Every structure is written in C-alpha cells, then in structure tokens.
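The values are calculated or read from the model by the stated rules, or taken from the named source; none is laboratory data. Quantities reported herein were computed from a predicted structural model and do not represent experimental measurements. Every residue, glycine among them, receives a Cβ derived from its backbone with ideal geometry; neighbour counts consider all protein chains shown. When the accessible area is computed, the model is the full protein with side chains, heavy atoms only, and any ligands, DNA or RNA have been set aside. Shrake-Rupley method; radii C 1.70, N 1.55, O 1.52, S 1.80 Å.
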Amino acid sequence: ALLKTLEEPPKNVVFILATTEIHKVPATILSRCQRFDFKNIEQVDIEENIKKITKIENLVISNEAISAIAISSEGGMRDALSLLDQVISFSNGEITEEDVYKVSGGLSRRFINELLLTLYDKKPQKALDFINQVLSDGKDVLRMVSDIIIALRDLLMDKINSDKKYPDLIMIPSSMIYAYLDILNELQVSLKYTTSK
C-alpha cells in the first residue's frame, strides 16, 4: 500500500521521509524517492547566524561566546539556537564564553590552555587539582576528554595556520601533542565500557 501511494500520490501531496539510518530503508522505497543527503552546517555559518540573531535581539555577546556556541552545537543550527536560548536565560548582561561552557557542560579554552601548560611544565599535582575542580563542578569525564582532544587537534592546526586558537601553547612539540592524543583516544574508548569513569 505504501509503495502504491508513493508511486501515485494524491494531487497536491508531497511525502518527505527523513532518516539518519538510510541503510534501513528498503530498496523498493528508495527507488521511488528523490534522495537528498544533508551535512552538518559549517561552524562559520552558525557563527554568522548567531551574530544576526543577537544583533536583532540587541544581546551583548562576546565573539568567543559565539564561537563556543558554534563549536558546542557540532554542526546543528537547532542545537546552537537552543544553547543560545539557555545561555541567555543563564547570564546576566553580557554573554561570555564562560557562560556558554557552564551551560553546555564543556571546558573553556582558558581552562584547557592552563591544563595543557601545566602538563607541559611537568606539574602533575597541579594538573590533578585542575581535573578535580572540573569533576567537583559536575562536568562529565567523557565530555572533558572530548574537549581536550578537540583542543589538541586545534593546536596541531595552529602550527600551520596564521590565525591561532591557542597561541600560548604553540611551543608544545607536535610529537608530544600526538602522544597526548594517543592516550586520550584510548581513554575515550575505555570510558565507554567502564562502570567507574
């Protein structure tokens, strides 16, 4: 019955089938549809849209906060707007990067910067104090590891780009960054299967 309806739909009717699991759609259905694959929205496009909205709404927001919202949304405009709405409710006056990370549960660039500098300077006790502080603030361990991995990836990009996200960390050698990434990627996999994060 569905195939017949798709082949000969009623006049003025358009069926839109949306899925994130296209492999589960039978070939008989797929062959009768036009297929459009959507991809994540670029970070720069999300930032531009947020800037337009905040200008229309007369909101005071820092560029760092806009970037943090775009990064946290992971390519989804709806997620970005939802996070912006939450941050507006949370903040008093100007919206800062710290506000965004408090609401989203992520780690700020400032924190990651300090943590990586501490590790580079071989101060493990101070690094553990940082991590304990984050955990006592109720941050998720898996999210924390993910944020540090993204920061390390950005740091590798800093080594070849003129626009640097982590200028204070540029002296960390690439070999050390790769070593950190290996450890954190392994940890990320292990955390998914452990009962004691």
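Our summary gives the stretch 50-121 a relative contact order of 30 percent, counting only alpha carbon pairs under 8 angstrom and 6 or more residues apart.
Using the Cβ-Cβ distance between Leu3 and Asp85 with R0 set to 41 Å, the FRET efficiency works out to roughly 0.50.
Can you list the lysines whose alpha carbon sits under 30 Å from that of Lys139, skipping same-chain ones fewer than 8 residues off? Qualifying lysines at Cα under 30 Å: Lys39, Lys51, Lys102, Lys122, Lys123, Lys126, Lys159, Lys164, Lys165, Lys192, Lys197. Rounded to the nearest Hz, the phi-derived 3J(HN,Hα) couplings of the stretch 185-197 under the Karplus curve 6.51 cos²θ - 1.76 cosθ + 1.60 (θ = phi - 60°) are 5, 5, 4, 4, 5, 4, 5, 5, 10, 9, 8, 10, 5, where x marks glycine and proline. With coordinates expressed along the principal axes, the C-alpha atoms belonging to the stretch 32-109 extend over 53, 28, 19 Å, beginning with the largest. Per residue, the accessible area of the chain comes to 67 Å² when a 1.4 Å probe rolls over the protein heavy atoms.
Between the stretch 65-100 and the stretch 16-53, the C-alpha centres lie 23 angstrom from each other.
By how many degrees, between 0 and 90 and to the nearest 10, does the Cα long axis of helix 43-56 differ from the longest principal axis of the chain? The answer is roughly 90 degrees.
Here the calculated FRET efficiency for Leu156 and Gln125, from their Cβ-Cβ distance with R0 = 22 Å, stands at 0.20, rounded to the nearest 0.05.
Normalised by residue number, the volume inside the convex hull of the Cα atoms of the stretch 1-60 is 143 Å³ per residue. Maximal additional length on extending the Thr28-Arg78 stretch stands at 14.8 nm, based on 0.36 nm per residue less the C-alpha distance.
Given a Förster distance of 41 angstrom, what is the FRET efficiency for Leu191 paired with Ile56, based on the Cβ-Cβ distance and rounded to 0.05? With a Förster radius of 41 Å, E is 0.50.
Taking Cα centre as origin and charging only the Cβ of basic (Lys, Arg, +1) and acidic (Asp, Glu, -1) residues, the dipole magnitude of the chain rounds to 520 debye. Against the longest principal axis of the chain, how steep is helix 109-120, in degrees 0 to 90 to the nearest 10, with axes from Cα atoms? With both axes taken from Cα atoms, the answer is about 50 degrees. Which percent of the accessible heavy-atom area of the stretch 68-127 goes to carbon and sulfur, probe 1.4 angstrom? Carbon plus sulfur share of accessible area: 48 percent. Put simply, the amide H of Ile95, placed in the peptide plane, has neighbours under 5 Å in Val60, Ile61, Ser62, leaving out anything fewer than 5 places away on its chain.
Measuring how big the chain is from its alpha-carbon positions, Rg and Dmax come out at 21.9, 71 Å. For a paramagnetic label modelled on Gln43 (point 7 Å from Cα along Cα→Cβ), amide N atoms under 19 Å away belong, within the stretch 134-164, to 143-164.
Summary of the geometry: the stretch 155-194 and the stretch 107-146, compared by the centres of their Cα atoms, lie 14 Å apart.
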